[in-house]
Amino acid sequence: MAMKLGKPFYYLAFLCLLMATKGCDLYEIEEYEGEVFVYSQMTAMDPLPRVELLMTSPHGEDFAPNKMFDGEADVTVYLLDQQGGREAEYNYHNSREGRYTYPQENGNMARPLRTYELVVKLPESGKVISSFTTVPDTFRVVHTVRDTVTFMQADPLEYHLTESAYPGRQAHYMLATKSLDAENHGLTPKYESSDLFRPGFTHIRSEITNQAAFKNQSSLIMVPYPWDNIAHYGPNQLLFHAIDDNMYDFYRTLDHQTGSQNLAPGEIRGIKYNTKGGPGLFGSMATATANAYIYKATKD
Amino acid sequence: MNYRTVLIALLTLVFFMANSLAHASQSDTKGRVYGYITDAASGEALGATNVQVANMSSSRSANSEGYYELRLEPGVHTITFTYLGFEAWQEEVDVLPNQSQQVDAILFPADILLADLVVEGAPVMARSLTGPGTMDVPMEYLNSMGSALHSDVFRSIQLMPGVMASSDFSSGLHVRGGSPDQTLILVDGVTVYNPTHFYGFFSTFNPDIVESVTLHKGVYPAAYGGRLGSVVDVRNSRGDTKQTGGSVSLGLLSSRATLQGPHSTGSYMLAFRRSTLEPTLSVLRSMEEENIPDHFHFYDLNASMQIDAGPDDNINLSLYNSMDNLSYPLNDMQNFTLRYGNQTGAVNWDRNYSGRLSSSVSFSASRYFNSPAFGYGRQTAAKDNRVEDYSGRVGMEWVPNGRSQLMAGVSAGHISFNMIEGNNDINTFSSHIANAYTAGYLQANRQLGERWQLNAGLRGSWYSNGNYLRMEPRLTVDYSLTSRSAIKASAGRYYQFASLITSESISGFDVWLSTAENVPPSYSNQYSLGYKTGFLDSYELEAGAYYRTMHDMFELDPFGGDPSGKPYEDLFYFEEGFAAGLEVFLSRYTGWFTGFMSYTLGTTQKRSPQVNDNLFYPHNYDRLHDLNVVAKVRLSDHWEFSSVFSYGSGQPYTQPLGGVVLNDIVERSRPVPVIVGGVNANRLPAYHRLDAGITRSGRLFNKVASELRLEVVNVYSRRNVWFYNYSFDEESAKTAVTMLPVIPSLTYTLSF
């Protein structure tokens, strides 16, 4: 027996039609616009660093390095007092296209645990890009447990460091390794087939590690140096960087921008810049260094 | 929680209970008809069977033990019992005033492969309790199509309206805009935390032994809890009570064996499935192919035993174990290993007290673990994640008369979420979140007149960690328009105390994390409206609309980095969202042409202060249109053609707009921070795929049933885009990563 569909069906069909016609394109698609990217990183007790103004490139074009901003800019760094007022002003000069420096002869150092403000004004566009950084406290290597090892044939390099400090949180570290003689020493297995190392590239770095990840004894942290952070045999310089909030946010989002435990395949998230008015990084760090020598294991 | 809502819900429940008791004690001239409904082949009870009295507008459902009860006016009535996958059973009953009589129904499995059968006088009914929003997934029908993909339980569920798949490679269930963790997965009543094999490609349910799959897509009953969205209730066979039998199946991907039969006081079932990829992997290694694992296997084991402990007592024991194990060499000095699996065990005692009252007592344990490890010389980085859940439950079901049903239950348990990360045997992060929990529920179903049926429920849940007590009222109203059509409106509040951390690509890394102090449970309000009807004798149509909100969803921060030394709550960020949609399901399971069409029009969006400046954006699996058409045509006594067509509008993704090359002073390489557009503002191309197969059935040497099947997955080789891969080096480029290509297969099956 044939049977007619009831009124509720037609109401629902109408709702379907309404949603199908009104439900599309809920969200606006953004188009690429070229932007000025501000980049500068202070190191505690080093002279005030260079400020670079780079230009972004649209995806699909070649990503050329050293694509600098070629317009006019006023670049100023301020040292802030405890109340946030401007205690000192450092006016930067345009030294090369897109590069701004503060004269070294003035002898101003980045002071640990002090806050600086960067202000970049772009008169042509009227844009102002600004950011704040608080410099981490200095620290140092006080004891070397092992600084000469055969690669992956024994216990790893190990160093004992004093603790860095940062207001309101534990210290965050990045470990960087710089080959001191890359031309005469080969790459370790992980990097032999990597296209990371092209001529002139000698540094690698680890992801960010919290201070709590290291053993702590008598206010010293014990750092077994990870094998996969060593790219070259031979003499290497190890750099332990304690980083500020801006570097912490920038690098942790950069490292996982295109892949993380809970990002879907192909999912890309934005970088956390901590700048106002445009993208960039105005970061600071404190650095301790040590030297190491890595022998290549001989085959039996 | 709005306590006025709770108060109203409580008062409603009290009203129902009082009303039910009043009717239970009333005397009238009606007669009582009651009985049990069982599967003729296995002797097992068929819970939720639809019971329809001719010329009456409403219908009943049997309870979980297959018991039903009706109160009817004196006279001759025709009662029809229908259950998906079984032939309808009809009884003509002469009801006498104030008399009770037992009418048991024995339903025979419909031979759907040979289904040119039209059950005369037994059209498809509008089932009041399993109406829109709750579906019996036609597993037997889909298994009979023989597809390499769709005979999987989760792949089959993905064909239902309101359910979406995120890709060809994922069996994860996105039900009515919810993420996979918002669906409660139960096997014989026990929660399973990661029911996947092959890193998400298949579910762990062995299709040979799955007896029924019930999908509650939303506004599910108070007897269930702990998830924001939906429930998949998988019931395995408890074994054949009449004869011993079994099967063995060999395949390139996996092989299976089952054995079941009666024993002196009941029945048993044993099923084992294991991957058989080793020969294939060995050949690939000998061909010096790259990226071949050193070792990979998965297995699952199901066992159950049913014991008839007396005329009214039934005890069931069940065990389940699954494991995936991978060892993968990254290069000469580096190796990656991953093991993950689930184990569950349960003992259940069902007791019937004179038919009207039944009880169920159960104890269960469920464990999920994964252990990824990365080895590099003497240095290792490893994780160990575990969920261990032990619980006990008591449930009561009372049918005081043919118009009322009351259910109540309590459960208590202990669940722990353990996560350890370490380097070189040093634990760098350790989280142990242990919760004692209890839950209780009351649910009342009440027939009001001939057309109305109300179902009110209230569930209360308590978690010790954070001392969270949450009340969850639920209400459903059914109105029968005719004997074959009904509308249903539902609303409810739902809480979830755990969140799944998953990449949606490889399920072996999935981690469950719990609520705790400063990490409150997520909650959702759900509303749905549905219409269901049968027409033209053999067609059934469901249409519905849903809307749900989601709040306090806690997500692991993907950029959280090293968790060492961080407070637990700092690992998360919190989101809220909503989902809305319309669903249509048209089906026909009898006749020479069978199949179904499911369509969903939906959207799901969310927002968080940490993403997109707290503006709503489409969720990764937001899909406006989703269509599945499943058809099977019987060409002759020996030939049959079947096909599955799927269409989905493009899923959202975030497009990189540009980037900048830095001369980084930390690493002296050239990192490229990427400037991205609006979060999920762009759409992938639409997805569509056609799978088709043709089957020749016959008998080998006139003795053994045989079947030859030619099947093609993705017939026209549509290169559906899974995602775009962007490179950001000096030659920035965009590459489409596509899903399954055309895959032909030939299968020959002998059954004896």
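Rule-based calculations on the coordinates, nothing more; no lab input. Since the structure is predicted, the reported quantities are computational estimates derived from the model, not experimental observations. Glycine also receives a Cβ, built like all others from the backbone with ideal geometry; neighbour counts cover every protein chain displayed.
Considering only DSSP states other than H, G, I, E and B, which chymotrypsin sites (Phe, Trp or Tyr not before Pro) in region A:211-300 qualify as loop sites with at most 11 other Cβ atoms within 10 Å? Sites meeting the loop and neighbour criteria: none at all. Label sites at B:N663 and A:E124, each approximated as a point 7 angstrom past Cα along Cα to Cβ, lie 2.0 nm apart. Karplus-derived 3J(HN,Hα) values for region B:400-416, using 6.51 cos²θ - 1.76 cosθ + 1.60 with θ = phi - 60°, are x, 7, x, 10, 9, 8, 10, 10, 8, x, 9, 9, 8, x, 9, 10, 10 Hz; glycine and proline are entered as x. Here A:K190 is the anchor, and the aspartates and glutamates within straight C-alpha reach of less than 15 Å, apart from those fewer than 8 places off in the same chain, are A:D228, B:D332.
If you plug the beta carbon distance of A:E192 and A:Q104 into 1/(1 + (r/R0)^6) with R0 = 35 Å, you get a FRET efficiency near 0.30.
If the segment from B:A489 to B:T747 were pulled out straight at 0.36 nm per residue, it would be longer than the present Cα-Cα gap by 88.4 nm. Show which lysines lie in cross-link reach of B:K632 when reach means a straight Cα distance below 27 angstrom and same-chain residues fewer than eight apart are skipped. Qualifying lysines at Cα under 27 Å: A:K4, B:K217, B:K532, B:K703.
Between A:D249, A:D81, A:D137, the Gaussian network model of chain A with springs among Cα atoms under 10 angstrom shows the greatest mean-square fluctuation at A:D81. Given the C-alpha centroids of region B:666-732 and region B:211-283, what is the distance between them in whole angstrom? Comparing the Cα centres of region B:666-732 and region B:211-283, I get a distance of 28 Å. Extension gain, B:L317-B:L357: 0.36 nm per intervening residue step, less the Cα-Cα distance, totals 12.2 nm.
Only bridges whose two residues both fall in region A:149-300 count here: according to DSSP, what percent of them are antiparallel, nearest 5? If we restrict to bridges inside region A:149-300, about 95 percent are antiparallel. Rounded to the nearest 0.05, what FRET efficiency do A:N91 and B:K734 give with R0 = 45 Å and r taken as the Cβ-Cβ distance? Could you check? The formula returns an efficiency of 0.60 here.
Mean separation of Cα pairs under 8 Å and 6 or more residues apart, divided by the residue count, gives region B:387-512 a relative contact order of 16 percent.
Relative to the dominant Cα principal axis of chain B, helix B:3-25 is inclined by about 30°. Here the gap between B:Q243 and B:A412, fully extended at 0.36 nm per residue and compared with their Cα-Cα distance, gives a gain of 57.1 nm.
Dividing the convex hull volume of the alpha-carbon atoms in the protein assembly as shown by its residue count gives 192 Å³ per residue.
Our summary of shape: the Cα atoms of region B:650-752 have principal axis extents of 79, 29, 21 Å, ordered from largest down, in whole angstrom. Between the Cα long axis of helix A:7-22 and the first principal axis of chain A there is an angle of about 50°, rounded to the nearest 10. Projected label points at B:D613 and B:E91, each 7 Å from Cα along the beta carbon direction, are separated by 6.8 nanometres. Taking H placed 1.01 Å from N in the peptide plane, check which residues at least 5 places from B:F572 or on another chain put their amide H under 5 Å from its amide H. It is B:D557, by chain and number.
Among the listed pairs A:K215/B:K566; B:K30/B:K488; A:K67/A:K127; A:K178/A:K215; A:K272/B:K734, those with a Cα-Cα distance over 21 Å are B:K30/B:K488; A:K178/A:K215; A:K272/B:K734. For A:A212 and A:D181, what does the FRET efficiency come to when R0 = 45 Å and r is the distance between their Cβ atoms, rounded to the nearest 0.05? After rounding, the FRET efficiency stands at 0.80.
Rounded to whole numbers, the Karplus 3J(HN,Hα) couplings from phi for region B:272-288 are 9, 9, 9, 5, 10, 8, 3, x, 5, 4, 5, 4, 5, 5, 5, 7, 6 Hz, using 6.51 cos²θ - 1.76 cosθ + 1.60 with θ = phi - 60°, and x at Gly and Pro. If one computes the Cα centroid of region A:234-299 and of region B:401-474, what distance in Å separates the two points? Region A:234-299 and region B:401-474 have Cα centres spaced 43 Å from each other. Checking the a/c ratio against 1.5 first, then a/b against b/c, what shape does the Cα gyration tensor give for region A:144-300? Note, shape of region A:144-300 comes out oblate. The H on the amide N of B:D664, modeled in the peptide plane, is under 5 Å from the matching H of B:S669, each at least 5 residues off or on a different chain.
For a test of the definition: using alpha carbon positions, the gyration tensor, and the 1.5 limit on a/c, classify chain B as rounded, prolate or oblate. Note, shape of chain B comes out prolate.
Computed from Cα positions, the angle between helix A:245-255 and the longest principal axis of chain A comes to roughly 70 degrees.
According to the calculation over all Cα-Cα pairs in region A:107-196, the P(r) per 5 Å bin from zero is 3, 8, 11, 15, 13, 12, 12, 13, 8, 4, 2, 1 %. Computed from backbone phi, the HN-Hα couplings of region B:340-353 come to 8, x, 10, 9, 9, x, 8, 10, 9, 10, 9, 9, 9, 10 Hz, rounded to whole numbers (Karplus: 6.51 cos²θ - 1.76 cosθ + 1.60, θ = phi - 60°; Gly and Pro given as x). At q = 0.21 Å⁻¹, what base-10 log of I(q)/I(0) does the Debye formula yield for region B:305-379 when every alpha carbon is treated as an equal point scatterer in vacuo? Debye intensities relative to I(0), on a log10 scale: -0.91.
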